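First up is the structure itself, then whatever we jot down about it.
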C-alpha cells in the first residue's frame, strides 16, 4: 500500500475555497499554511527521522493536491529535481498530522487574515467609518470597524468625550502603526481630517469635488474653523456646507457631539480671509508685515474678548487657519494678545514672559480656567512677584467676559 496520505479527501477543495472566501485570503496562502503545518508536525512527532534528514543536509517539501487533500512528504537536497526526491511520509501520518497541524494552520490563517485586513485599511487611510466601542485596553479605546479592529490612543481621543461600551461613533482611519503587538489600525476622533471627511460625507458638493476644503483648524471637542472654496461657477461653498436651514452642518456637529463649527469662504486675499476667520468679531483695522506672516488686528473694545475667544480659542484657530502670527488689540490701545496658532498650552495665548509661563506649566496651570480659579495659588508660587501677578490678571481680564478681581 502506498505511503500516500490524506488530510481529508472529502470536500477538501470546497473547504479550502470557503476559508479563502470567508477570510478574504488567497487560496495559495492557506495552502502554504497547510504545508508549513505538515512539516512542523513531522518535525515534532517524528523527531528521529527529521534529525536524520537534517544530518544528510536535506530538506523536507510537501507535495499537496489542492483538489483532494492528498499529500506526500518528500526529502532531498535543496537543488534536487522533483524525480530525485524521496517519499518519507510515515504510515498513518495523515491522522497524526491532522491533530498536530490544526493549531499551526489556524495560527497562520489568522496571521494571513490580519495581513489582508491591514492591506485593505491601508488603502483607506483618511476615510471616515462607523465603529462601535468594543472595550478599553489600558488608556486605548478599541473600536470595532467591520473586518478590522481600530485602536484609538489617548492623543487621538477628544478630552471631553466618554466612550461607552457598545456605543456607536464615527472615527477617522488615521494611520497604520507598528507596535509590539504587530501592526495596528489607528483611528481618531480628534484629527482635523475627521471634520473634512464628515463634510465630504454630508455635503454632496464636497464629496464630488466642486467644493474644496482648503484649510482647517481644530480644537477637538470645542471648536473648528474650516475654510472652503468653490471651483464651479454658481456654487456657493459656504451655503453648500451649511445646507438648507443648517441641516448639513448640523449633521456634522451632531457627529462631533456638539463641537462648534465656523465655515469661512477661502480667499487668497489674506486680509479678507483673516477678517472672516475672526468672526463673529469684526476687525476694524489689520496691519500686516511685509511678508504677511505677522498681523496686528484692531477690534472695538467691547469685542476684544469675542475676538480672542474663551481661552484664546477664536484667535488661535484663526491664526492657524490663515497661517500668520496674530496680535489682537482693542481700539483703546490695549497691550494685546499675541497668538501664532501653534501654542502648546492655552496659557501660551496670554503672551506671558518665558519665565512666568514656565513656572505656571511646572505647576500644571496650563489652562485659562486653571488660572482664573487658582489665582491665590499663583500668588504663592516662587518666582511670581507682584508685577507678574498683575500682568497675569490683566491678560485674563482681556479675554474673560467677567473681569478678574484684583
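For beta carbons closer than 7 Å, sequence separation of 6+ or different chains, a first residue in region 278-295 that is farther than 19 Å from residue 332 by Cα and a second that is assigned to a loop (DSSP other than H, G, I, E, B), the qualifying pairs are 292/324; 293/324; 294/324.
Checked against (1) modelled with pLDDT under 85; (2) within 29 Å of residue 77 (Cβ to Cβ), residue 17 passes all but a single condition, namely (2). Could you tell me which numbered condition residue 126 fails, if it satisfies all but one of (1) without any contact (Cβ under 8 Å) to a residue 40 or more places away in the chain; (2) surrounded by 12 or more Cβ atoms within 10 Å (Cβ to Cβ); (3) on the phi > 0 side of the Ramachandran plot? Unmet condition: (1). The sole residue among 351, 341, 323 that is under 17 Å from residue 262 (Cβ atoms) and modelled with pLDDT under 85 is 341. The criterion of being at pLDDT below 85, farther than 25 Å from residue 220 by Cα, touching a helix residue (DSSP H, G or I) at 6+ places or on another chain (Cβ under 6 Å) and surrounded by 17 or more Cβ atoms within 10 Å (Cβ to Cβ) holds for residue 330. Residues in region 363-394 that are farther than 12 Å from residue 346 by Cβ and in contact (Cβ under 8 Å) with a residue 40 or more places away in the chain: 2 in all. Restricted to region 196-210, and to residues that are crowded, with 21+ Cβ neighbours inside 10 Å and in contact with a helix residue (DSSP H, G or I) (Cβ under 7 Å, 6 or more places away or on another chain), which residue is farthest from residue 228 (Cα to Cα)? So, considering only residues that are crowded, with 21+ Cβ neighbours inside 10 Å and in contact with a helix residue (DSSP H, G or I) (Cβ under 7 Å, 6 or more places away or on another chain), the one farthest from residue 228 (Cα to Cα) is 198. Counting only residues that are without any contact (Cβ under 8 Å) to a residue 40 or more places away in the chain and touching a helix residue (DSSP H, G or I) at 6+ places or on another chain (Cβ under 6 Å), region 250-276 holds 3 of them. Of the residues that make up region 238-252, is at least one outside the structural domain of residue 156 (by TED's automatic domain parsing), touching a strand residue (DSSP E or B) at 6+ places or on another chain (Cβ under 7 Å) and part of a loop (DSSP other than H, G, I, E, B)? No, every residue in region 238-252 fails to be outside the structural domain of residue 156 (by TED's automatic domain parsing), touching a strand residue (DSSP E or B) at 6+ places or on another chain (Cβ under 7 Å) and part of a loop (DSSP other than H, G, I, E, B).
Selection of region 259-306 for residues being out of contact with any strand residue (DSSP E or B) (no Cβ under 8 Å at 6 or more places or on another chain) and farther than 30 Å from residue 248 by Cα yields 290, 291, 292, 302. Per the conditions (1) surrounded by 15 or more Cβ atoms within 10 Å (Cβ to Cβ); (2) at pLDDT 85 or above; (3) out of contact with any strand residue (DSSP E or B) (no Cβ under 7 Å at 6 or more places or on another chain), the sole criterion not satisfied by residue 42 is (3). Among the residues of region 155-182, those that are in a strand (DSSP E or B), surrounded by 10 or more Cβ atoms within 10 Å (Cβ to Cβ) and within 14 Å of the chain's Cα centre (by Cα) comprise 169, 170, 171, 172, 173, 174, 175, 176, 177.
Pick from 290, 283: which is surrounded by fewer than 17 Cβ atoms within 10 Å (Cβ to Cβ) and over 23 Å from the mean Cα position of the chain (by Cα)?
Unique residue meeting the criteria: 290.
Could you go through region 221-230 and let me know if any residue there is in contact with a helix residue (DSSP H, G or I) (Cβ under 8 Å, 6 or more places away or on another chain), part of a loop (DSSP other than H, G, I, E, B) and either at pLDDT below 95 or loosely packed, with under 14 Cβ neighbours inside 10 Å (or both).
yes
Screening 234, 209, 182 for residues that are at pLDDT below 95 and not assigned by TED's automatic domain parsing to the domain that holds residue 248 leaves exactly one candidate, 182.
The values are calculated or read from the model by the stated rules, or taken from the named source; none is laboratory data. Source: prediction; values computed, not measured. Every residue, glycine among them, receives a Cβ derived from its backbone with ideal geometry; neighbour counts consider all protein chains shown.
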